[in-house]
Amino acid sequence: MSAEVELKSITKIYGSVVALDHFSHTFKAGKIHALMGKNGCGKSTLVKLMSGVIQPNEGSILINGKETNFHSPSDAFAANVVTVHQELSLVRELSVTENVYLGRLPEKNILGVSYINWTLAHQQTKALLSKMGLDIDPDTEVSSLSVGQQQTIEIAKAMSFNPSLLLLDEPTSALASKEVEMLFTLLRNLKEQGVTMMYISHRMSELAEIADTVTVLRDGKLIGCVEMAESSNDEIISMMFGDVAHATRPARTLSAEKLPILEVRNLSSANRFKDISFDLHHGEILGIAGMLGAGRSELMRAIFGADQFDSGEITFEGIKLEEFNPRSMTAMGIGFTSENRKEEGLVQAHSIHDNLTMASLRKNSPYGIVSRATESTAVAKQFADLHIKAGNAEDPVSSLSGGNQQKVVIGNWLNISPKIMFFDEPSRGVDVRAKEQIFKIIWQQSERGLSSIFVSSELEELLHVCDRILVMKQGIMVGELDPTQTTLTELYSACMEGF
């Protein structure tokens, strides 16, 4: 049965922050409703309320005319309301099958004793993945999968509940183009079956592909709802922000220094990348393009010392490096923003202040005593520069929207005054305005001499932000492009087919 959702004067308050302010709207049954708005506008809060993770301070939620009171996610599941959250919630040490049916694995009874029916669980998972077009072994341990593959398992887990209302919070943020289209095909099929969907995305290009309606929030309030077929991206952006001017890259003024700040030679790691060589120059923003699984993130993690590599050399400021670990790299002035901020970029239980100063603890405690005053100055600077929206720096970082959490990750590393920054998907889950703010910061830092390596699944961003683009395919560096002389189609073709 399809689910029509009616929200009446929903209000949710966190301390001094009003996340939702008397929000009232009806989402018609059997349609895909996109939720749009800048970071912190209340989209994710709305999804959490619908999924039973949190409860409203005021207002009511009606599904098919019946008032609901979800006190927990299990209440929502019982009502066939299922959520795919922006952040991964899988148990990495368990198999795909165990994750999909966690807490509800099928059982069999032998001589009065219940056992898990692994054969049936495997068959059900395999059938589910096959229906979704996923070629993944159900027995595979989740930790061995890429972030994009893990996201598809999150979606498969949601599908296993046969939802009548499906809540999707940035489901494509970690997916490659082929996987996105596969997901959209699945969502269209679910729509034909009568499933109602509420869909959060910051990718404007997705709206025309998948959305029936677009509902826009700003500062926790409903701004309006439009039929996608009768609207445009410009109208939606105007509803979200007013007029947004795209940031323009200042004139390229790369340093004339001949010696690169970073030289990578013949770097190889079994089953991840092979024989990688490149130079990074002072003040340069070097992009690395490639499809999911091309080895981009794996390469940056190896250079930063987070993962080992098998062979090759790395030279920093003319000196060949012998020690490779995050601590030594950070001490040299190299920062790394991971694509997986939840597990590798932030400590969710700690404050925003603490998360903004983790990387710079040594810098702020030269005699072994942390200077809170020095930290507070650095925190205030990042709040201002990155436009972090929060009630108080002492609030837990988990209270922030996904986009504001991403800004905290970046600010944390900028506080070490780095010479090199590795940006791995820095705009993932970030709204249009915040993206432009982040790009401006990267450009400004470049003008001051910061060298950057920039990885993004959004190929348009590479053309917009970078001075030079390297292309990887199946772990091999296949070529180099000048973004000023390259079209999006040409870059996409190079990533897919090589040169």
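The values are calculated or read from the model by the stated rules, or taken from the named source; none is laboratory data. Quick caveat, the model's predicted, so the values are computed rather than measured. Positions of Cβ are generated from backbone atoms using ideal geometry, with glycine treated the same way; all protein chains shown enter the neighbour counts.
With respect to I285, determine if the residue is farther than 30 Å from L488 by Cα and in the same structural domain as H387 (by TED's automatic domain parsing).
Against the criterion (farther than 30 Å from L488 by Cα and in the same structural domain as H387 (by TED's automatic domain parsing)), I285 does not qualify.
Could you please give the count of residues in region 475-495 that are modelled with pLDDT under 85 and within 21 Å of N271 (Cα to Cα)?
Final tally of qualifying residues: 1.
Please tell me if E298 is assigned by TED's automatic domain parsing to the domain that holds S493, among the acidic types (D, E) and not in a loop (DSSP other than H, G, I, E, B). Spell out how you get there, then give the answer.
Values: assigned by TED's automatic domain parsing to the domain that holds S493: yes; among the acidic types (D, E): yes; not in a loop (DSSP other than H, G, I, E, B): yes.
The answer is yes for E298.
Quick check on region 309-317. Is at least one of its residues assigned to a helix (DSSP H, G or I) and surrounded by 15 or more Cβ atoms within 10 Å (Cβ to Cβ)?
Initial filter on region 309-317 (assigned to a helix (DSSP H, G or I)): none.
So far as region 309-317 goes, no, none of its residues is assigned to a helix (DSSP H, G or I) and surrounded by 15 or more Cβ atoms within 10 Å (Cβ to Cβ).
Answer yes or no as to whether L88 is touching a Lys or Arg at 6+ places or on another chain (Cβ under 8 Å) and hydrophobic (A, V, I, L, M, F, W, C).
Details: touching a Lys or Arg at 6+ places or on another chain (Cβ under 8 Å): yes; hydrophobic (A, V, I, L, M, F, W, C): yes.
When the stated conditions are applied, L88 passes them.
Of the residues that make up region 476-498, is at least one assigned to a helix (DSSP H, G or I) and touching a Ser or Thr at 6+ places or on another chain (Cβ under 6 Å)?
No - not one qualifying residue is present in region 476-498.
Let's see how each residue does on (1) more than 26 Å from the chain's Cα centre (by Cα); (2) of a type in the set (G, A, S):
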site	(1), (2)
F278	yes, no
S297	no, yes
F304	no, no
G312	yes, yes
E323	yes, no
P326	no, no
M329	no, no
M332	yes, no
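Looking only at region 1-39, filter to residues that are more than 20 Å from F77 (Cβ to Cβ) and out of contact with any strand residue (DSSP E or B) (no Cβ under 8 Å at 6 or more places or on another chain); which one of those is surrounded by the most Cβ atoms within 10 Å (Cβ to Cβ)?
If we take residues in region 1-39 being more than 20 Å from F77 (Cβ to Cβ) and out of contact with any strand residue (DSSP E or B) (no Cβ under 8 Å at 6 or more places or on another chain), then N39 is surrounded by the most Cβ atoms within 10 Å (Cβ to Cβ).
Among the numbered criteria (1) at pLDDT 90 or above; (2) over 30 Å from V430 (Cβ atoms); (3) in a loop (DSSP other than H, G, I, E, B); (4) not hydroxyl-bearing (S, T, Y), which single criterion is violated by E67?
E67 satisfies every listed condition except (3).
Give the residue that is farthest from A127 (Cα to Cα), with candidates limited to residues of region 152-178 that are over 14 Å from the mean Cα position of the chain (by Cα) and assigned to a loop (DSSP other than H, G, I, E, B).
S164
Would you confirm, using the coordinates I've provided, whether S457 is over 17 Å from N355 (Cβ atoms), assigned to a loop (DSSP other than H, G, I, E, B) and under 17 Å from the mean Cα position of the chain (by Cα)?
Numbers: over 17 Å from N355 (Cβ atoms): yes; assigned to a loop (DSSP other than H, G, I, E, B): yes; under 17 Å from the mean Cα position of the chain (by Cα): yes.
Criteria met by S457.
Would region 179-189 turn up any residue that is crowded, with 16+ Cβ neighbours inside 10 Å, in the same structural domain as K38 (by TED's automatic domain parsing) and not in a helix (DSSP H, G or I)?
Within region 179-189, not a single residue is crowded, with 16+ Cβ neighbours inside 10 Å, in the same structural domain as K38 (by TED's automatic domain parsing) and not in a helix (DSSP H, G or I).
Kindly list, by first and then second residue, each pair from a residue in region 436-453 that is assigned by TED's automatic domain parsing to the domain that holds S417 and under 19 Å from H281 (Cβ atoms) to a residue that is in a helix (DSSP H, G or I) and modelled with pLDDT of 90 or more, limited to pairs with Cβ atoms under 7 Å and residues at least 6 apart or on different chains.
Final answer for the pair search is I442/V465; S452/I442; S452/S446; I453/M300.
Which of the residues belonging to region 208-224 are assigned to a helix (DSSP H, G or I) and crowded, with 19+ Cβ neighbours inside 10 Å? Quick ask: steps written out before the conclusion?
At the first step, the residues of region 208-224 found to be assigned to a helix (DSSP H, G or I) are 208-210.
Selection gives I210 alone.
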